[in-house]
Amino acid sequence: MAMVTIVEGITAAQCWTCNRFYRLFFGETVSLETGDQVPKLRPPLGNPDIEERAWLLAADRLTVDCAEAIEYADAAKSGEPFKPSPQVATRLIEQGAGMVSAPVHAMVPNKASRVTAEELTSHLSSVMPIQGSFVRGCGDGLLIASPELVVLQLALRLSMPKLTELVCELCSTYYYDLAEVPQLTRGDDGLRTQPERRECAFSNRPVPISCLRAMKWFADKAPGSTAGRAMARAVRYAVDGSASPMETALALMFALPKSVGGYGLPKPQMNRVLAVDRETGRVRVVDLFWPQANVALEYDSDAFHAEREKLRRDAVRRNQLESCSVTVLTATAEHLSSLAALDELARQIARALGCRFHRERLATASERAALLASLKRRSIEGLC
């Protein structure tokens with residue numbers, strides 16, 4: 001039987017959140033069906049366009065059964081070896097260019113299929129996942145666990161907030177890549193700027209790799225398992241279409257239950273398109289939006305360093321939204337670095353939503369601060 005490497009868990013999560021693999025699997029410039037060059041998709045303006053694109057893509061993927069997955073299931077029954085390839089694992093690490101770490105985590109159907117290699121770790125899984133669990137990788141001999149299966153596989157390794165954050169990342173328009181970041185260092189000759197290659201988040205993926213609708217569909221297929229229940233709970237609090245890790249952190253701090261350190265507020269919609277002038281067709285996209293109360297929250301990371309022209313544009317934008325009876329609040333970098341500032345913002349949002357806000361019923365300040373610090377880190381950080 002041909003050696004096929006089926007990548008799972010943490011390695012698959014690294015692939016799906018890395019832009020190199022996004023381009024390979026979802027063909028921003030190459031058709032998956034024909035291999036021909038296709039026009040690059042424009043980034044969507046906002047939701048519901050983002051959600052609809054993601055669902056159409058995921059719905060097609062979730063109906064596919066790979067032939068290698070069927071062979072894997074047969075090997076689980078027969079006990080025949082179905083060994084992953086160390087060479088494929090090495091190639092995957094090289095293609096990840098620093099975003100996929102060694103060792104590669106691979107599924108095997110039985111003990112006879114285990115492989116001992118520096119670049120590869122085998123995980124025994126004799127239960128074959130449901131339809132749509134895998135995507136064929138770049139090159140021969142590689143399957144990668146689908147975004148939905150990744151969440152199910154990591155459901156018992158991540159805390160509920162971090163699992164929810166992972167769901168948000170997989171349903172977002174941002175991705176991770178390596179970039180040169182200038183760092184100020186002190187040497188014998190004084191201060192100097194030295195570039196450091198670091199993992200950074202970037203936005204404007206044309207299509208998220210999954211969506212909450214697809215995540216819920218997958219979780220519903222495993223209702224009796226502990227992992228399935230954990231996944232379903234994470235999906236309940238996650239959001240579609242976040243454009244940055246900071247937007248995700250804000251949304252989850254507000255929406256996660258008080259028992260885990262959140263504020264227990266209604267879940268916002270992300271990057272919603274709102275019509276501000278029906279005659280001209282002019283629209284605005286707001287970062288977080290609560291439609292039940294017409295409340296918008298804008299995240300401005302540069303609020304303390306705003307130039308005059310930016311201040312003017314922001315004022316025009318706010319006036320347009322407020323003329324449509326939208327209450328506009330602003331979050332800044334301070335709210336993600338000061339718990340007192342975030343507490344006050346949550347109180348303001350609660351009041352605008354008509355919700356009661358009892359500070360004494362929240363988790364302790366240390367628990368809220370711990371959740372905030374956790375959500376400012378990548379969801380799979382620490383598992384690598």
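Only the coordinates and a few stated rules stand behind these numbers; no lab work does. Quick caveat, the model's predicted, so the values are computed rather than measured. We place every Cβ from the backbone using ideal geometry, glycine too, and count neighbours over all the protein chains shown.
So what's the range 147-238 giving for Cα Rg divided by 2.2 N^0.38 Å, two decimals?
Values: Rg = 18.7 Å, N = 92, 2.2 N^0.38 = 12.3 Å.
Dividing the Cα Rg of the range 147-238 by 2.2 N^0.38 Å gives 1.52.
Per residue, how big is the convex hull around the C-alpha atoms of the chain? Give it to me in cubic angstrom, could you?
In the chain, the Cα convex hull volume per residue is 181 Å³.
Of all alpha-carbon pairs in the range 83-198, indicate the percentage at a distance above 16 angstrom.
Cα-Cα pairs of the range 83-198 separated by over 16 Å account for 73 percent.
Can you tell me how the range 316-384 classifies by the Cα gyration tensor, rounded, prolate or oblate, using a/c under 1.5 as the rounded cut?
It comes out oblate by the Cα gyration axes.
Viscosity 1.002 mPa s, temperature 20 °C: what is the translational diffusion coefficient of the range 137-190 from Stokes-Einstein with a Kirkwood Rh over Cα pairs, rounded to a whole number of µm²/s?
So the translational diffusion coefficient is about 145 µm²/s.
Using the per-residue mean of other Cβ atoms lying within 10 Å as a proxy for protection, in what order, highest first, do the peptides 269-275, 207-213 fall?
Per-residue Cβ counts within 10 Å, averaged per peptide and sorted highest first, yield 207-213, 269-275.
Lys and Arg at +1, Asp and Glu at -1: add these up for the other residues within a Cβ distance under 12 Å of residue 383 and post the number. List each step's numbers first, then the result.
Numbers: positive: 157, 162, 377, 378; negative: 381.
Counting the neighbours of residue 383, the net charge comes to +3.
List the aspartates and glutamates whose Cα sits under 17 Å from the Cα of residue 83, skipping any in the same chain fewer than 8 residues away.
Within the straight-line cut-off, residue 83 pairs with 8, 68, 71, 74, 118, 119, 140.
For the range 129-152 and the range 103-117, compute the distance between their C-alpha centroids and round to whole Å.
When both Cα centres are located, 16 Å separates them.
Regarding the range 120-279, what are the three Cα extents along the principal axes, ordered largest first, in Å?
Principal extents (largest minus smallest coordinate, Cα): 64, 54, 41 Å.
Take the cross-link list 221/258; 216/376; 111/258; 77/216 and give me the ones stretching past 32 Å between alpha-carbons. Kindly include the intermediate steps, with their values, before the conclusion.
On the way: 221/258 28 Å; 216/376 25 Å; 111/258 44 Å; 77/216 29 Å.
Flagged as over cut-off: 111/258.
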